[in-house]
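Visitor: Here it is, the structure in full.
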Amino acid sequence: MTLSDYLAQSGLSQAEFARAIETSQPTVSRYITGLRMPRRDHLRRIREVTGGAVTANDFVEIAEAAE
């Protein structure tokens, strides 16, 4: 599941999710658009906050599509 899909399904805003993983909203936006790959610590937090619904593999697909 993409992070964008997770946020839509959960009803969380990018800003709320950013606070949950201890980063900024613009950083979350960059993750969603594929402009930036999350750092390892953020990947861990994303997996934890989403209950495993969003994983590192989901970001690889986004990054490939953005190229």
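Visitor: ILE21 - would you say it is at pLDDT 95 or above, aliphatic (A, V, I, L, M) and in contact with a helix residue (DSSP H, G or I) (Cβ under 7 Å, 6 or more places away or on another chain)?
Guide: Considered against the rule, which asks whether it is at pLDDT 95 or above, aliphatic (A, V, I, L, M) and in contact with a helix residue (DSSP H, G or I) (Cβ under 7 Å, 6 or more places away or on another chain), ILE21 comes out as yes.
Visitor: Does segment 14-28 hold any residues that are closer than 13 Å to VAL49 by Cα and among the small types (Gly, Ala, Ser), and which are they?
Guide: Residues satisfying the conditions are ALA18, ALA20.
Visitor: May I pose another question? Select from segment 24-46 the residues that are in contact with a Phe, Trp or Tyr (Cβ under 6 Å, 6 or more places away or on another chain) and in a loop (DSSP other than H, G, I, E, B) and write down the one among them that is modelled with the lowest pLDDT. Can you show your working first?
Guide: Taking segment 24-46 as the starting set, the residues that turn out to be in contact with a Phe, Trp or Tyr (Cβ under 6 Å, 6 or more places away or on another chain) are 28, 37-38.
Imposing the further condition that a residue be in a loop (DSSP other than H, G, I, E, B) reduces the set to 37-38.
Details: MET37: 91, PRO38: 94.
Result: MET37.
Visitor: Related question: Please work out which residue is surrounded by the fewest Cβ atoms within 10 Å (Cβ to Cβ), limiting yourself to segment 1-23 and to residues that are free of Cβ contacts under 8 Å to residues at least 60 places away in the same chain and not in a helix (DSSP H, G or I). Working first, answer last.
Guide: Looking only at segment 1-23, we keep the residues that are free of Cβ contacts under 8 Å to residues at least 60 places away in the same chain, and these are 1, 3-23.
When the remaining residues are screened for being not in a helix (DSSP H, G or I), the result is 1, 11-13, 21-23.
Values: MET1: 12, GLY11: 7, LEU12: 17, SER13: 12, ILE21: 20, GLU22: 10, THR23: 19.
Checking each candidate, the answer is GLY11.
The values are calculated or read from the model by the stated rules, or taken from the named source; none is laboratory data. Every value quoted in this text rests on a predicted model; they were computed, and no experiment measured them. When we count neighbours, we look across all protein chains shown, and the Cβ atoms used for this are built from the backbone with ideal geometry, even at glycine.
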